[in-house]
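Asker: The structure under discussion is supplied below as structure tokens; questions concerning it will follow.
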Amino acid sequence: MTETSAGPRKLGNWIGGSWKEAAVGTGQAEVRNPATGEVLAVVPMSGRAEVEDAAAAALLAFRDWRKVPVPARARLLFRYRELLHGCRMELAAILTAENGKCLEEALGEVQRGIECVEFAAGAPTLMMGSQLPDIAGGIESGMYRYPLGVVAGITPFNFPMMVPCWMFPLAVACGNAFLLKPSEKTPLLSCRLAELFAEAGFPPGVLNVVNGSKEAVDALLEHPAIAAVSFVGSQPAAAAVHARAAAAGKRIQALAGAKNHSIVLADADLKAAASQIAAAAFGSAGQRCMACSVVAVQESAAEAFMPLLQDAAEALIVGDGARPGTPIGPLIDCGSRDRALKLLELAIRDGAALLMDGRRGEWNSDEAAFLGPTIAVEVTPDMAIWQEELFAPILCVLTVPDLKAGIALANRSRYANGACLFTDSAAAVREFREEMDAGMLGVNLGVPAPMAFFPFSGAKSSFYGDLHANGRDGVEFYTRKKMVTARY
């Protein structure tokens, strides 16, 4: 990255272990702080030429990297982990500036990214195969894991630390070389991750970062040297990326959108449930695929629960996430805010009402993308606000007679990422676990995101592919198997 006295930083592409400028004539986009509108950097809209250079650097690096002993790879990852930990405040500040989430949440995200590196550092165990000494008289057979080659990751704006760390640490631990295409809205964190990766001692070309947008994505999906692609983004984009990558013969995992439901039963601790749900719905300004989007409250508990939910939401302060004690920052940009507001206004036209209206407040600005906690009631499943992912601090509330109806409501959604149940009943927990479509379930907590050693296991239109990110699924995704049968 370069910085001049004349203006914001000018980003390049990290290729072969150094920063390289994009080709002459390549377009640029501004990276803005969504809380202030300040231009933080300009990022190149790289295309095929830059992807070609990065792929060539990765192929060259892979020839030697795949031969590096697995324990030696792990030692480099331990060193990388220490560098990330030492820079955690710097990384969180970058994240808050370019994404907008509050500093406390940014530190939490940095920690989750570090945990992904810790998991990948277990490569000597993760890469183990299996053997059987006697499958017949004098014959043994064994399975061995090998890297795929050059693999790529395309990551979203909402978790610029955690999601890249889902991908490249484990991929390189398995012996692959990696091309990372971060969101053009939040590229600064990925650029810093690449610099620290080199500082840890990884060879040039093992990790490459290509900044850009659609043209860069198209080039990654079409490049013959790229064996696999990991993607996180919106549902329409995930479906398109999956189809294109699969058609090109690539291994593909595409994590998509969500419409996560929480069910509150009458026997739950209602005050704790309200606090958990408010944090899950409005934290990160609702811009996470594990956000609580809908709460289905048992009818007999609604009268007691709704004031508690409103109190919990009203206690959340909206503003610049860089200021201490400000848990709710802005959306990534005004376009994202305006899209959510259109769906909200459509719901009001169709009969929904607002218990809390986040459109009104001192944070309103044409330059910054703020929207306060918003609670919509009298919502029905035929409304777009229930059907579509909003990616905003808007919570829909419906009532249901019992758990069975709550599960049926959630399962009507085309998404199946996460779901939570608030109850004191073991029988209800079992029914919820067995009958809910969602792949990640929580009981008496608001955000059931798994740790790095478990898979991030969305279902239905929340995931396209066969092997999920993280955990053993991640190891399977970034490796291929060889079976060796021998007579001695």
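The values are calculated or read from the model by the stated rules, or taken from the named source; none is laboratory data. Being a predicted model, the structure only gives us computed values, none of them experimental. Every residue, glycine as well, gets a Cβ built from its backbone with ideal geometry; the counts of neighbours run over all protein chains shown. The protein model used for the area step is the full one, side chains on, heavy atoms only, and it has no ligands, DNA or RNA in it. Shrake-Rupley method; radii C 1.70, N 1.55, O 1.52, S 1.80 Å.
Asker: Within the set of pairs 6 or more residues apart or between chains, which connect a residue that is buried (at least 16 other Cβ atoms within 10 Å of the Cβ) inside region 296-313 to a residue that is among the charged types (D, E, K, R) with Cβ atoms less than 7 Å apart?
Answerer: GLN298/ASP402; LEU308/LYS271
Asker: With the structure loaded, tell me whether VAL447 is in contact (Cβ under 8 Å) with a residue 24 or more places away in the chain, assigned to a strand (DSSP E or B), open to solvent by 30 Å² or more (accessible area, probe 1.4 Å) and among the β-branched types (Val, Ile, Thr) or whether it fails that test.
Answerer: no
Asker: Oh, and also: List pairs: first residue in region 179-191 and over 14 Å from ARG9 (Cα atoms), second residue among the β-branched types (Val, Ile, Thr) and assigned to a helix (DSSP H, G or I) anywhere in the structure, Cβ distance under 8 angstrom, at least six positions apart or on different chains.
Answerer: The qualifying pairs are LEU179/VAL51; LYS181/VAL217.
Asker: Do any strands (runs of 3 or more DSSP E) lying entirely in region 1-91 carry at least 3 residues that are open to solvent by less than 30 Å² (accessible area, probe 1.4 Å) and in contact (Cβ under 8 Å) with a residue 24 or more places away in the chain, and which ones are they? Walk me through it before giving the result.
Answerer: Details: elements: 2-4, 7-10, 13-15, 18-20, 28-32, 39-44.
Output list reads 13-15, 39-44.
Asker: Which fully enclosed strands (runs of 3 or more DSSP E) of region 98-161 have 1 or more residues being without any contact (Cβ under 8 Å) to a residue 12 or more places away in the chain and of a type outside the set (Phe, Trp, Tyr)? Break it down stepwise before answering.
Answerer: Values: elements: 130-136, 139-147, 150-154.
By residue number, 130-136.
Asker: If I ask for residues that are of a type outside the set (Gly, Ala, Ser), over 17 Å from ALA279 (Cβ atoms) and not in a loop (DSSP other than H, G, I, E, B), which ones from region 372-403 would you list?
Answerer: VAL377, ILE385, TRP386, GLN387, LEU398, THR399, VAL400, LEU403
Asker: Please specify each residue of region 186-217 satisfying the condition of being in a helix (DSSP H, G or I), of a type outside the set (Gly, Ala, Ser) and touching a helix residue (DSSP H, G or I) at 6+ places or on another chain (Cβ under 8 Å).
Answerer: Going through region 186-217, the residues in a helix (DSSP H, G or I) turn out to be 188-199, 214-217.
Applying the additional criterion that residues be of a type outside the set (Gly, Ala, Ser) yields 188-189, 191-193, 195-197, 199, 214-215, 217.
Once the filter is applied, which keeps residues that are in a helix (DSSP H, G or I), of a type outside the set (Gly, Ala, Ser) and touching a helix residue (DSSP H, G or I) at 6+ places or on another chain (Cβ under 8 Å), region 186-217 yields LEU188, LEU189, ARG192, LEU193, LEU196, PHE197, GLU199, GLU215, VAL217.
Asker: Please work out which one of (1) under 28 Å from ARG412 (Cα atoms); (2) not in a loop (DSSP other than H, G, I, E, B) is the condition ALA268 fails and give its number.
Answerer: The one condition ALA268 does not meet is (2).
Asker: Right, next: With the condition kept exactly as written, say whether any residue in region 145-154 is within 25 Å of PRO124 (Cα to Cα), of a type in the set (Ser, Thr, Tyr) and open to solvent by 20 Å² or more (accessible area, probe 1.4 Å). Reasoning before the result, please.
Answerer: Step one: list which residues in region 145-154 are within 25 Å of PRO124 (Cα to Cα), which gives 145-153.
Going one step further and asking which of them are of a type in the set (Ser, Thr, Tyr), we end up with 146.
When the remaining residues are screened for being open to solvent by 20 Å² or more (accessible area, probe 1.4 Å), the result is 146.
Scanning region 145-154, I find at least one residue that is within 25 Å of PRO124 (Cα to Cα), of a type in the set (Ser, Thr, Tyr) and open to solvent by 20 Å² or more (accessible area, probe 1.4 Å), so the answer is yes.
Asker: Scan GLU367, GLU431 and give me the residue that is assigned to a loop (DSSP other than H, G, I, E, B) and either at pLDDT below 95 or surrounded by fewer than 23 Cβ atoms within 10 Å (Cβ to Cβ) (or both). Before you say what the answer is, go through the steps one by one.
Answerer: On the way: GLU431 fails: assigned to a loop (DSSP other than H, G, I, E, B).
Just one listed residue meets the conditions, GLU367.
Asker: Kindly indicate whether any position in region 171-190 is polar (S, T, N, Q), open to solvent by 20 Å² or more (accessible area, probe 1.4 Å) and out of contact with any Leu (no Cβ under 8 Å at 6 or more places or on another chain). Before the answer, list the steps.
Answerer: Filtering region 171-190 for residues polar (S, T, N, Q) gives 176, 183, 186, 190.
Checking the rest, the ones that are also open to solvent by 20 Å² or more (accessible area, probe 1.4 Å) come to none.
Checked region 171-190: no residue is polar (S, T, N, Q), open to solvent by 20 Å² or more (accessible area, probe 1.4 Å) and out of contact with any Leu (no Cβ under 8 Å at 6 or more places or on another chain).
Asker: Same structure, new question: Does region 222-229 contain any residue that is in contact with a Gly (Cβ under 9 Å, 6 or more places away or on another chain), modelled with pLDDT of 95 or more, assigned to a loop (DSSP other than H, G, I, E, B) and open to solvent by less than 20 Å² (accessible area, probe 1.4 Å)?
Answerer: Checked against the condition, which is being in contact with a Gly (Cβ under 9 Å, 6 or more places away or on another chain), modelled with pLDDT of 95 or more, assigned to a loop (DSSP other than H, G, I, E, B) and open to solvent by less than 20 Å² (accessible area, probe 1.4 Å), region 222-229 yields no hits at all.
Quick grid of which residues meet (1) in contact (Cβ under 8 Å) with a residue 60 or more places away in the chain; (2) under 28 Å from VAL150 (Cα atoms):
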{"position": "ALA408", "(1), (2)": "no, no"}
{"position": "ALA419", "(1), (2)": "yes, no"}
{"position": "ASP424", "(1), (2)": "yes, no"}
{"position": "ALA459", "(1), (2)": "no, yes"}
{"position": "SER462", "(1), (2)": "yes, yes"}
{"position": "GLY465", "(1), (2)": "yes, yes"}
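Asker: Can you tell me which residues in region 166-185 are part of a strand (DSSP E or B) and either closer than 15 Å to ARG66 by Cβ or more than 18 Å from the chain's Cα centre (by Cα) (or both)?
Answerer: Restricting attention to region 166-185, the residues satisfying the condition of being part of a strand (DSSP E or B) are 177-181.
Of everything in region 166-185, those that are part of a strand (DSSP E or B) and either closer than 15 Å to ARG66 by Cβ or more than 18 Å from the chain's Cα centre (by Cα) (or both) turn out to be ALA177, PHE178.
Asker: Scan region 354-362 and tell me whether some residue there is under 21 Å from GLU104 (Cα atoms), outside any helix (DSSP H, G or I), within 27 Å of the chain's Cα centre (by Cα) and of a type outside the set (Ser, Thr, Tyr).
Answerer: So the first thing to find is which residues in region 354-362 are under 21 Å from GLU104 (Cα atoms), and the list is none.
No: zero hits.
Asker: Go through region 266-292 and report how many residues are out of contact with any Gly (no Cβ under 8 Å at 6 or more places or on another chain) and closer than 21 Å to GLU435 by Cβ.
Answerer: 4
Asker: Among the residues of region 230-285 satisfying the criterion of being more than 27 Å from MET167 (Cα to Cα) and hydroxyl-bearing (Ser, Thr, Tyr), which is least open to solvent (accessible area, probe 1.4 Å)?
Answerer: The qualifying residue least open to solvent (accessible area, probe 1.4 Å) is SER262.
Asker: Please go through region 460-488 and give me each residue that is closer than 30 Å to GLY138 by Cβ and of a type outside the set (Ser, Thr, Tyr), ordered by number.
Answerer: Initially, region 460-488 is screened for residues closer than 30 Å to GLY138 by Cβ, giving 479-488.
Passing the criteria: ARG480, LYS481, LYS482, MET483, VAL484, ALA486, ARG487.
Asker: Could you check, for region 330-344, whether at least one of its residues is open to solvent by less than 30 Å² (accessible area, probe 1.4 Å), touching a Phe, Trp or Tyr at 6+ places or on another chain (Cβ under 6 Å) and in a helix (DSSP H, G or I)?
Answerer: No - not one qualifying residue is present in region 330-344.
Asker: Let me ask something else. Working only within region 418-428, note down all residues that are open to solvent by 30 Å² or more (accessible area, probe 1.4 Å) and among the polar types (S, T, N, Q).
Answerer: Within region 418-428, the subset open to solvent by 30 Å² or more (accessible area, probe 1.4 Å) is 424-427.
Scanning region 418-428 gives a single hit, SER425.
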